[in-house]
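Everything on this sheet refers to the single structure shown next.
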Amino acid sequence: MSSLANPAPKTAPLRALAALVARFGLAGLINTGLGFAVIAGLDIGLHVSPPLANAAGYLVGVGVGFVLNRRFVFKSQTSARAAAPRYIAVVLAAFALNQLILHMAGAALGQGALPHLAAQLAGMAVYTVAVFVACRFWVFRAEG
């Protein structure tokens with residue numbers, strides 16, 4: 001009968017993880033929207049070259065992503081001075097991993113619009129998971 005006294009499974013850690021993932025997703029949407037707005041504004045609005053507009057949008061995205069991840073997603077007390085270099089390293093490593101996956105998936109899936117999009121999605125998924133895991137366990141880990 002003691003098992004009936006406390007039938008609810010221990011779901012608090014799972015709920016906390018789900019909330020963390022939801023905040024990460026929302027931050028990613030905000031970050032992507034702002035980065036794209038910068039790209040579009042520079043490229044289409046101001047006629048800046050597409051590669052330069054893309055680079056500017058990406059840099060804005062890295063900055064916004066850092067702030068959102070540090071304060072909103074992970075609610076980290078880690079100093080910006082300590083976390084920023086780690087975050088930049090993670091973003092660069094995740095981008096390199098994204099490019100590797102994009103190349104490998106592209107070679108495996110072949111030519112055509114749908115295989116190219118599938119390869120892009122695979123690269124994006126790996127990038128996203130890598131950034132989340134690295135931020136959670138290294139960049140914004142609880143100090144102490």
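Site pair ALA55 and LEU14 shows an inter-label distance of 4.8 nm when each label is modelled 7 Å from Cα along Cα→Cβ. Tabulate in residue order the Karplus-calculated ³J(HN,Hα) for region 122-135, using 6.51 cos²θ - 1.76 cosθ + 1.60 with θ = phi - 60°, rounded to whole Hz; enter x for Gly and Pro. Rounded to whole hertz, the list is 4, x, 5, 5, 5, 4, 4, 5, 4, 5, 4, 5, 5, 5.
Principal axis extents of the C-alpha atoms in the chain (largest first, rounded to whole Å): 70, 40, 26. With an 8 Å Cα cut-off and a minimum separation of 6 or more residues, compute the relative contact order for the chain in percent. So the answer I get is 23 percent. Diffusion coefficient (Stokes-Einstein, Kirkwood radius over C-alpha pairs, 25 °C, 0.890 mPa s) for region 78-144: 190 µm²/s, rounded to a whole number.
Return the distance in nm (one decimal) between the two label points of a simple spin-label model at GLN111 and VAL48, each offset 7 Å from Cα along Cα→Cβ. Distance between the two pseudo-spin positions: 3.5 nm. Taken about its Cα centre, the chain carries a charge dipole of about 620 debye when Lys and Arg each add +1 at the Cβ and Asp and Glu each add -1 at the Cβ. Counted residue by residue at 0.36 nm each, then reduced by the alpha carbon distance between them, the extension gain from ALA93 to THR128 reaches 11.4 nm. Diffusion coefficient of region 12-75 by Stokes-Einstein, Kirkwood radius over Cα pairs, 37 °C, 0.692 mPa s: 262 µm²/s.
Computed on region 78-144, with alpha-carbon pairs under 8 angstrom and 6+ residues apart, the relative contact order is 46 percent. Would you work out the relative contact order for region 12-75, in percent, from Cα pairs under 8 angstrom that are 6 or more residues apart? The normalised contact order for region 12-75 reaches 42 percent. Taking a ≥ b ≥ c as the square roots of the eigenvalues of the Cα gyration tensor, region 41-103 is classed as oblate, since a/c reaches at least 1.5 and a/b does not exceed b/c. In this simple spin-label approximation, GLN77 and PHE137 carry label points 7 Å from Cα along the Cα→Cβ vector, and these lie 2.3 nm apart.
Values in this text are rule-based calculations from the coordinates and carry no lab data. Quick caveat, the model's predicted, so the values are computed rather than measured. Don't worry about glycine lacking a Cβ; one is built from the backbone with ideal geometry, like all the others, and counts go over all protein chains shown.
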